[in-house]
1. For the charge dipole of region B:1-125, defined by +1 on Lys and Arg C-beta atoms and -1 on Asp and Glu C-beta atoms about the Cα centroid, which residue among B:107, B:22, B:86 has the Cα displaced farthest towards the positive pole?
2. Could you work out the pair-distance distribution P(r) of chain B from its alpha-carbon pairs, with 10 angstrom bin width and percents rounded to whole numbers?
3. With 10 angstrom as the radius, rank A:245, A:199, B:264, A:220 by how many other C-beta atoms surround their C-beta, starting from the fewest.
4. Placing unit charges on C-beta atoms (Lys and Arg positive, Asp and Glu negative, everything else neutral), compute the dipole magnitude of chain A about its Cα centre in debye, rounded to 20.
5. Select from A:47, A:203, A:266 the residue whose mean-square fluctuation is largest in a Gaussian network model of chain A (Cα-Cα springs shorter than 10 Å).
6. Mind sorting A:250, A:217 by how few other Cβ atoms lie within 10 Å of their own Cβ, fewest first?
7. Considering chain A, which cysteines have no disulfide-compatible partner, defined as another cysteine with its Cβ under 4.7 Å away?
8. Can you tell me which of A:208, A:162, A:61 moves the most in a GNM of chain A? Springs connect C-alpha atoms under 10 Å apart.
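Bear in mind that the values in this text are calculations on the coordinates, not laboratory data. Just so you know, these numbers come straight off a predicted model, no measurement behind them. Here the Cβ is made from the backbone with ideal geometry for all residues, glycine too, and neighbour counts use every protein chain on show.
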Amino acid sequence: MSENPGTNLYLPFMATIQEVVRETQNIKTFRVTLNDPEQMRNFRFAPGQVGQLSVFGVGESTFVINSPPTRMEYLQFSVMRVGELTTRLHKLRKGDQIGVRAPLGNSFPFEDMKGKNVVFVGGGIGMAPLRTLLLYMLDNRTDYGDITLLYGARSPSDMAFSYELPDWLARKDMSTVLTVDNGTPDWAHKVGLIPNVLKEMNPSPENSVAVTCGPPIMIKFTIQALHALGFQDEQIITTLEKRMKCGVGICGRCNIGSKYVCQDGPVFTYAQLRELPNEL
Amino acid sequence: MGAARCIKKDALLTWLEEVGKSRLVLAPRAQGKSTAFLPFDPAKGISLSGLATSSPKQALIPRHEALLEFRYTKTDQVPAQTGLAVRELIPNQPTLVFGARPCDARGFTVLDRVYDAGAKRDVYYCARRDKTIVATVACTEPADTCFCNRVGGGPGDSAGSDILVTELDQLYVLEAVTQRGEAFLLEQKLPDATELADKAQAARAAVRAAMPEGDSLLGAPDKVGALFDEMPFWDGVAAKCLSCGACSYLCPTCYCFNITDESKGGQGVRVRTWDNCMSFQFTLEGSGHNPRATKSQRMRNRVGHKFCYYPTLHDGALSCVGCGRCIAHCPVSMDIRRIVSKALTYEKAAKEHSNV
């Protein structure tokens, strides 16, 4: 666990929202800093780890930290407005106080991935956890092989991180493909479902790892596409989402058999997922 | 075992009253048709006949427990900013649980493995555990629904207790099991009973020997795990369940919880409350997706947790202690013994005959 005050698993760090970015009509990004400068300075996490955000009076929910540990001016969380907590979060503004319990869970195997080509396949808000790892790798660019990103959303206006996409598209040290299910006249990129576009792109499985996250149905067909391209189960990594309360493997919500997504996950290889009981 | 003391049965209430001056005493008391662990009141006595309706787990994991308190404030900054003060509410109440049964105390060991797991300590649970003396009364007449001896326990076991209490004629013999129990016992003005320890042990052994031996359920983990995808099995055993949760609430080992905020006027508390995995809402996600959407899937998780997942994580220890409360108080007579026994002997339908 982190250096939570007093080692109380349930006591969040107090934090301040420094900036709110409207990403799409139902996704907002929150940039937060811990109020205690020393806690902020000592805060350590690895790409893929998650945190519980508290709006006191409403409750807590789990979100991935989607800024990389190489950029610690703030911790970034992107939140799709779905339920009670997220609706309330969306009303918060710069300067508002929230709680952060983090880091929780495991991380992407970014050390084991050194020297490998990496194929990111993100759908919708599922781009958030990928963003952490992508930026971490770009900040440690020489440690990794070719980096390919396929990012898709329902429509151009549903693409989060749109302000970063021009840079990603322009970069010479990664190759970026964008796609939408439903195009618009001014959409200059692909139109098509992510798994189909992935097959067109035809990335080589040779010395590669694929990292995917998105809606369950997209993950399912993306994994099928990756298999068709020759990726083995061990070369496919995904990150899961479950309803959680405690975040530390006690409360009994996020278990899949004897594994707890909050502490044994959220990151699993497809080989590991296949070993788990089928209760996603 | 360490120190042994004894007390005459007719002096028990006076002694508990004395203990109650310096700590909260929780003891079983009849209340309407049920018996519950309630704060001891000498005027109302205690009820030590048989197993209490509810378990004493509330001594360590209360039904409703405030974890944090918070208060929003206005700051002087311009433009006005909202400040927030949050405070931990760590329990600090010395407690004696008197009249737990060996299954109940064994239930505390099940909780200990989860809430006091090395680096991951739940400070609320641990604070209560450290300040609580569990005095367990060995059983003399196991009920028909009792099956502690099929899940690794026994009617005179001391696991999870700080003090083991054995009835001998007109006496209770109190024997220290832990250092915490020893320290407590030595503080009490009770006569020494070291020479009665053998007799007490013999009395417990006689009860154990008289208890009918059922088939052991300790081999359940592999078999229950292997049935995970066998939905016809789970559909069958879950069919009559009402998902009411009586079993979870009465169970000494069911520890799943919810965390919610209760607030009014800019201040409030974050509370932890007992939850019930048989409820549809338990795993319902904001998107509408529910990984355990059907009753059969929830029953599979409930039975699976006790007889497969928990043992997988904790060296084979089951998280069922055989108290039988879920059997005795189920409105539709579900019987977890029967479910697990059925799992142990279940033959999967041959693929060619099943309607896949």
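1. B:107
2. 5, 22, 30, 23, 13, 6, 2, 0
3. Numbers: A:245 25, A:199 16, B:264 8, A:220 13.
Ordered from fewest to most neighbouring Cβ atoms within 10 Å, A:245, A:199, B:264, A:220 come out as B:264, A:220, A:199, A:245.
4. Working: 28 positive and 28 negative charges, 132 e Å.
The dipole magnitude comes to about 640 debye.
5. The residue that fluctuates most here is A:203.
6. Working: A:250 24, A:217 11.
Exposure proxy ranking, most exposed first: A:217, A:250.
7. Result for chain A is A:213, A:254, A:262, no neighbouring Cys Cβ within the cutoff.
8. The residue with the greatest mean-square fluctuation here is A:162.
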